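Each remark here refers to the structure printed beneath this line.
The values are calculated or read from the model by the stated rules, or taken from the named source; none is laboratory data. All of these numbers come straight from a predicted model, not from anything done at the bench. Positions of Cβ are generated from backbone atoms using ideal geometry, with glycine treated the same way; all protein chains shown enter the neighbour counts.
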């Protein structure tokens, strides 16, 4: 029988013609967990003069069309299976928007959908749904031309609203006066009663200029992760930060401004101003930044309902498990093995903790190709900075530390940095140590091969915890495995031994 290789799924691309940037993102395939294989933007400033002239600026149009020619060529070179294109506020508001879109469609070779404000809000919210685990709050997508606001509870969306408060639009309408801009923002947001529903919930900030604010906050606070997606700031701290940043930008005194693209730097104060007033009015408890937005929402919406219902983080971990582990099936068996361990030892575990444990199991062998001296460090970095969503930064740190301890061990020297331990509570850190110790037992006795772990069983009698090997597997028992199991048992307050059945 000839086994034919599985046909590789076609890549998909989204061309996003925004009011400030024109961007191409190519994804490996249309899937629950999107993997971008190419991402490029050009800051063209199409919406720079729309509020005052009603037109897309001529030089911005030229720059945008030039970028689109490159994007079309890139899609051809990369043999992209399907290209989708959308345009937002500047193109829908400008008098010459239809003319520009007609030229752009000829260049791109694909229809371009001009999104209404409500449609843009809906897609932004779907992007957050696809990238944030169980979101509950208000999504705000700040572009160059507009601000979209929409309430989200799990997968349920309200009807969104759109306001002319994009950074470029605000700069244009206020004639670069922050005092005028403040009045405009205050008046526009006063017309949005939906903001009251944000009290005590999360505000999800979407959009490049808000991400630039987050980047500066990460630098200034010395935060140990440089991952933008899921970065969270308590609302009171965010309010103080954006007020201070707005004053520093206005005075040209912001030390970390070089971390932001030149074309975005003049817009920082306007983005800060909008976020400041949203926090004051909506009174959220936290600001969470999402790199998932319109593009991801567009593709998420295209998935069958069964795919949309899947856990995006689990899908990403399963993919990495198949690509990088020695045996994908062994990782699935490890999930069941640790399930039994938790049940027998009666360790308390919430549904969210169980979910993260399962993710850690799927990723527990992805570093085996790395040099043994660096497996812990390299795998920790891979997990901490992985390109996936539906996980908090504390969750990233927990999973990463679990796998770190699996490779690096629980020796005293491993209790100094990594700094990501700052992101987890003492209880989470201890759980990571226990899980890492369990991985060290499981991978040693099985050599990461399937079929071994199901032939071992746990038994708990009083303070004694035993690992029992079925007769057909007794030759796998060794002193080193016994020592590791004793270490694991000690972490859960037991004495441990291995038993040959």
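For the condition farther than 24 Å from residue 222 by Cα, modelled with pLDDT under 95 and either surrounded by fewer than 16 Cβ atoms within 10 Å (Cβ to Cβ) or under 25 Å from the mean Cα position of the chain (by Cα) (or both), what is the one hit in 449, 431, 411, 421? Explain how you work it out, then say what you get.
Numbers: 449 fails: modelled with pLDDT under 95; 431 fails: modelled with pLDDT under 95; 421 fails: farther than 24 Å from residue 222 by Cα.
None of the others qualify; the one that does is 411.
Take residue 344 and decide whether it is in contact with a strand residue (DSSP E or B) (Cβ under 8 Å, 6 or more places away or on another chain) and in contact (Cβ under 8 Å) with a residue 60 or more places away in the chain. Working first, answer last.
Numbers: in contact with a strand residue (DSSP E or B) (Cβ under 8 Å, 6 or more places away or on another chain): yes; in contact (Cβ under 8 Å) with a residue 60 or more places away in the chain: yes.
Spelling it out, residue 344 is indeed in contact with a strand residue (DSSP E or B) (Cβ under 8 Å, 6 or more places away or on another chain) and in contact (Cβ under 8 Å) with a residue 60 or more places away in the chain.
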| said: Against the definition (in contact with a strand residue (DSSP E or B) (Cβ under 8 Å, 6 or more places away or on another chain), under 18 Å from residue 491 (Cα atoms) and at pLDDT 95 or above), how does residue 465 come out, yes or no? | reply: yes
| message | Pairs please, first residue from the range 454-475 and surrounded by 13 or more Cβ atoms within 10 Å (Cβ to Cβ), second anywhere and in a loop (DSSP other than H, G, I, E, B), Cβ atoms under 7 Å, 6+ apart in sequence or on different chains. | response | 455/470; 465/494; 468/501; 469/477; 469/501; 470/501; 473/452
| request: Hey, could you check the range 112-146 for residues that are out of contact with any helix residue (DSSP H, G or I) (no Cβ under 8 Å at 6 or more places or on another chain) and assigned to a loop (DSSP other than H, G, I, E, B) and say which is nearest to residue 174 (Cα to Cα)? | output: 132
| remark: Checked against (1) touching a helix residue (DSSP H, G or I) at 6+ places or on another chain (Cβ under 6 Å); (2) without any contact (Cβ under 8 Å) to a residue 12 or more places away in the chain, residue 366 satisfies every condition except (2)
| From 173, 169, residue being more than 17 Å from residue 207 (Cβ to Cβ), more than 20 Å from the chain's Cα centre (by Cα) and either in contact (Cβ under 8 Å) with a residue 12 or more places away in the chain or not assigned by TED's automatic domain parsing to the domain that holds residue 280 (or both) | 173
| remark: Screening 340, 396 for residues that are at pLDDT 95 or above, under 20 Å from residue 436 (Cβ atoms) and surrounded by fewer than 22 Cβ atoms within 10 Å (Cβ to Cβ) leaves only 340
| said: Checking residue 188 against (1) touching a helix residue (DSSP H, G or I) at 6+ places or on another chain (Cβ under 8 Å); (2) at pLDDT 95 or above; (3) surrounded by fewer than 24 Cβ atoms within 10 Å (Cβ to Cβ): exactly one of these is not met. Which one? | reply: (1)
| task | Would you point out the residue of the range 151-165, among those that are in contact with a strand residue (DSSP E or B) (Cβ under 9 Å, 6 or more places away or on another chain) and not in a loop (DSSP other than H, G, I, E, B), that is nearest to residue 189 (Cα to Cα)? | result | 163
| query | Of the residues 156, 119, 92, 183, which single one is free of Cβ contacts under 8 Å to residues at least 60 places away in the same chain and under 22 Å from residue 284 (Cβ atoms)? | reply | 156
